[in-house]
Amino acid sequence: MLSIQFIRENAERVRRDMLLRNADVNIDRILQLDEQRRQLLQQVESLRAKRNAASKAIGAAKDPSERELRIAEMRLVGDEIQRLETKLRAVEDELQQRLYEVPNIVDEAVPRGPDETSNVVVESIGEPRAFDFVPRPHWELGTIVDGLDIERGARMAGSRFYVLKGPLARLQRALIQFMLDEHTAAGFTEAYVPYMLSEASLLASGQLPKFRDNLYRDAEEDFYFIPTAEVALVNYHRDEIIPPGQLPQRFVAHTPCFRREKMSAGRDVRGIKRGHQFEKVEMFVYCEPEQSAAELDLLVSRAKHIAAALELPHRVVALCSGDLGFNASRTFDLEVWAPGQGEWLEVSSASNCLDFQARRANIRYRPAQEAAPRHPHMLNASGLALPRTVIAVMENYQQPDGSIAVPRVLQPYLRTDLIPAVHPAPAG
């Protein structure tokens, strides 16, 4: 969250950034509440001082009638303090709630624009493969290799669920293991985290209150199913002061992700590109503020490394102000080419959230032993997300008969260089 002091001292910047984000946030009301809070605090402190002085005077009074008079005066002061404190709590509660709803500031380097149409491709790597046949989409390939069953998945759980089996289940597992191996070899610490978290954890990470409707929740317990491992890793140091010399900390975690997205019936209907449950390998960084720009570059490079190792055509896209996520100040997406669908698929979003989440989670660190605590910066990136990476491998490595060649880096994991066709390819 943004501190009230930052908003107070940078009101015009914050108003501008909310407009750039298309965020419906009333900064004037927040400033009004902040002024009320400060005035009430001043009044309460003044009355408390008056009550303390009256208490001393009562103790020093010799005349019983004088004592009674002063006691009556003190009761009136106490009643007024109680009234003001009640009002103060109401103001503070509203102020806190409104602060939770303010998104992060926009980095000055972020392209300006209202929506995804203003995003900017900053780098393209690799040329799309030239096929001598019409490339098939992944849902056809999944049937040919007998590895994808959308119909039975939907029968089990409803639309947007599916079953990967046999070679495609192994392909996804191989991709996950390959990604974890690559990131840990680069110095990231692997973490196994809870898949269900408390409401306080979701609030600290910035998922609540804004995204409550997108979260799956246990109806009887205070548990929310994670939409990404980022949410858990934000909370790893919640309410802590990290000792000197322990930053940066870089984590990588594989988890399932659960999201109640309201998906359009006419969008991405075919295949497994969008679902309520999916797998992801997530990278997460705690660092000192002066390091966060370099750490963002590192996360982007790690995502690119995976795509390059898989020899998938990919590109880096700078998100514009109107397309930034709630927590992010700056974001780069990594997209891979899916020739069977003829489109670019986002497989990673690398974001610098500055100290936004650290403030919500009450996380600080000491730069030196005797130094005052500061809020660290936090960053996250997919490294990469499934099943879209599975889709890209299937569609880029497909053969004329519908079989799928295995990328060289995955062959040791799958112990084969080909996922064979089991059923004949459909005509046409």
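Taking R360, is it in a helix (DSSP H, G or I), more than 30 Å from R129 (Cβ to Cβ) and basic (K, R)? Yes. Checking the stated criteria, F131 turns out not to satisfy the condition of being in contact with a His (Cβ under 8 Å, 6 or more places away or on another chain) and either open to solvent by 20 Å² or more (accessible area, probe 1.4 Å) or free of Cβ contacts under 8 Å to residues at least 40 places away in the same chain (or both).
Restricting attention to region 266-292, which residues are surrounded by fewer than 16 Cβ atoms within 10 Å (Cβ to Cβ) and hydrophobic (A, V, I, L, M, F, W, C)? Of everything in region 266-292, just one residue is surrounded by fewer than 16 Cβ atoms within 10 Å (Cβ to Cβ) and hydrophobic (A, V, I, L, M, F, W, C), namely V269. Looking across region 402-412 at every residue that is in contact (Cβ under 8 Å) with a residue 40 or more places away in the chain and farther than 26 Å from G275 by Cα, the one that is least open to solvent (accessible area, probe 1.4 Å) is identified as V409. The combined condition, being open to solvent by 10 Å² or more (accessible area, probe 1.4 Å), farther than 23 Å from S124 by Cβ, without any contact (Cβ under 8 Å) to a residue 24 or more places away in the chain and not hydroxyl-bearing (S, T, Y), is not fulfilled by E335. Are any residues in region 151-175 open to solvent by 20 Å² or more (accessible area, probe 1.4 Å), under 24 Å from V406 (Cβ atoms), in a helix (DSSP H, G or I) and touching a strand residue (DSSP E or B) at 6+ places or on another chain (Cβ under 8 Å), and if so, which ones? Answer for region 151-175, where residues must be open to solvent by 20 Å² or more (accessible area, probe 1.4 Å), under 24 Å from V406 (Cβ atoms), in a helix (DSSP H, G or I) and touching a strand residue (DSSP E or B) at 6+ places or on another chain (Cβ under 8 Å): P167, Q172.
Here P209 meets the list (1) in contact with a Leu (Cβ under 8 Å, 6 or more places away or on another chain); (2) part of a loop (DSSP other than H, G, I, E, B); (3) without any contact (Cβ under 8 Å) to a residue 60 or more places away in the chain almost entirely, failing just condition (3). Pairing residues of region 383-400 that are free of Cβ contacts under 8 Å to residues at least 40 places away in the same chain with residues that are surrounded by 24 or more Cβ atoms within 10 Å (Cβ to Cβ) and β-branched (V, I, T), at Cβ distances under 8 Å and at least 6 apart in sequence or on separate chains, gives Y397/I404.
Please find, among R136, R112, R83, R89, the residue that is open to solvent by 70 Å² or more (accessible area, probe 1.4 Å), assigned to a loop (DSSP other than H, G, I, E, B) and either touching a helix residue (DSSP H, G or I) at 6+ places or on another chain (Cβ under 8 Å) or under 23 Å from R48 (Cβ atoms) (or both).
One residue alone meets the criteria, R112.
Counting only residues that are over 12 Å from V193 (Cβ atoms), touching a residue at least 40 places away in the same chain (Cβ under 8 Å) and either open to solvent by 20 Å² or more (accessible area, probe 1.4 Å) or within 13 Å of the chain's Cα centre (by Cα) (or both), region 216-256 holds 12 of them.
The values are calculated or read from the model by the stated rules, or taken from the named source; none is laboratory data. No experiment lies behind these values; they were computed from the predicted model shown. Quick reminder, even Gly has a Cβ in these numbers, built from the backbone with ideal geometry, and neighbours come from all protein chains shown. Quick note on the areas: whole protein, heavy atoms, side chains included, nothing else; ligands and nucleic acids left out. Shrake-Rupley method; radii C 1.70, N 1.55, O 1.52, S 1.80 Å.
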